[in-house]
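Report on the following structure.
The values are calculated or read from the model by the stated rules, or taken from the named source; none is laboratory data. As the structure is a computational prediction, the values presented were derived from the model and not from experiment. FYI the Cβ positions are ideal-geometry reconstructions off the backbone, even for glycines, and counts take in every protein chain you see. Heavy atoms of the whole protein, side chains included, go into the accessibility calculation; ligands, DNA and RNA do not. Shrake-Rupley method; radii C 1.70, N 1.55, O 1.52, S 1.80 Å.
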Amino acid sequence: DVALLKPVLAESFRVVLNDHNEEVIKVLDRTTYLDLVGKKIFGGEARTLDFTSIDAQGALTATVTVSQKGAENTFRNYLSLIQHQGEWQIVQALVYIE
């Protein structure tokens with residue numbers, strides 16, 4: 001749901017996708033990523049989430065590692081977060097498709 005996702009992505013958000021299936025690394029900006037989610041190219045299936053680590057660096061930054069297991073793929077996400085105007089936002093997602 002783009003409407004729910006948009007507020008948690010910082011304006012400078014980017015996703016770095018390490019796709020071992022295609023042996024390529026793709027870097028997508030916020031607008032492109034949201035467009036792909038809206039077109040159901042990304043997402044759209046139920047996934048089991050496992051938060052494997054949460055590490056705060058002071059009061060304004062954090063890193064989170066999340067494993068997302070779907071029907072066909074497992075995604076390992078390394079998220080960089082910032083606190084902006086009292087709300088946590090994702091500024092970068094490094095995604096590895098296992």
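Within segment 60-83, take every residue that is part of a loop (DSSP other than H, G, I, E, B) and more than 20 Å from PRO7 (Cα to Cα) and give me the one that is least open to solvent (accessible area, probe 1.4 Å). Before the answer, list the steps.
If we filter segment 60-83 for residues that are part of a loop (DSSP other than H, G, I, E, B), which is where we start, we get 60, 70-73.
Narrowing further to those that are more than 20 Å from PRO7 (Cα to Cα): 70-73.
Details: GLY70: 16, ALA71: 95, GLU72: 162, ASN73: 46 Å².
Among them, the one singled out is GLY70.
Tell me which of these ILE54 doesn't satisfy, since it passes every other one: (1) touching a residue at least 12 places away in the same chain (Cβ under 8 Å); (2) in contact with a strand residue (DSSP E or B) (Cβ under 8 Å, 6 or more places away or on another chain).
For ILE54, the exception is condition (1).
Among the numbered criteria (1) farther than 13 Å from LEU9 by Cβ; (2) among the aliphatic types (A, V, I, L, M); (3) free of Cβ contacts under 8 Å to residues at least 24 places away in the same chain, which one does LEU81 miss?
So LEU81 meets the others, but not (1).
When segment 4-13 is examined, which residues are found to be assigned to a helix (DSSP H, G or I) and of a type in the set (A, V, I, L, M)?
Filtering segment 4-13 down to residues assigned to a helix (DSSP H, G or I) leaves 4-8.
Across segment 4-13, the qualifying residues are LEU4, LEU5, VAL8.
Return the residues of segment 14-46 that are assigned to a loop (DSSP other than H, G, I, E, B), free of Cβ contacts under 8 Å to residues at least 60 places away in the same chain and open to solvent by 50 Å² or more (accessible area, probe 1.4 Å); say none if nothing qualifies.
The initial filter retains those residues of segment 14-46 that are assigned to a loop (DSSP other than H, G, I, E, B), namely 20-23, 39-46.
Narrowing further to those that are free of Cβ contacts under 8 Å to residues at least 60 places away in the same chain: 22-23, 39-46.
Listed by number, the residues that qualify are GLU22, GLU23, LYS39, LYS40, ILE41, PHE42, GLY44, GLU45, ALA46.
Can you pull out the residues in segment 1-13 that are surrounded by 11 or more Cβ atoms within 10 Å (Cβ to Cβ), farther than 14 Å from SER80 by Cβ and of a type in the set (A, V, I, L, M)?
Filtering segment 1-13 for residues surrounded by 11 or more Cβ atoms within 10 Å (Cβ to Cβ) gives 2, 5-6, 8-10, 12-13.
Of the ones still in play, those that are also farther than 14 Å from SER80 by Cβ are 2, 5-6.
The answer is VAL2, LEU5.
Confirm whether VAL95 is assigned to a strand (DSSP E or B), at pLDDT below 95 and of a type in the set (A, V, I, L, M). Write out each step before concluding.
Numbers: assigned to a strand (DSSP E or B): yes; at pLDDT below 95: yes; of a type in the set (A, V, I, L, M): yes.
Judged against the criteria, VAL95 is a match.
How about segment 24-74: which of its residues are among the charged types (D, E, K, R) and in contact with a Ser or Thr (Cβ under 8 Å, 6 or more places away or on another chain)?
So in segment 24-74, the residues among the charged types (D, E, K, R) come out as 26, 29-30, 35, 39-40, 45, 47, 50, 55, 69, 72.
Answer for segment 24-74, where residues must be among the charged types (D, E, K, R) and in contact with a Ser or Thr (Cβ under 8 Å, 6 or more places away or on another chain): ARG30, ASP50, ASP55, LYS69.
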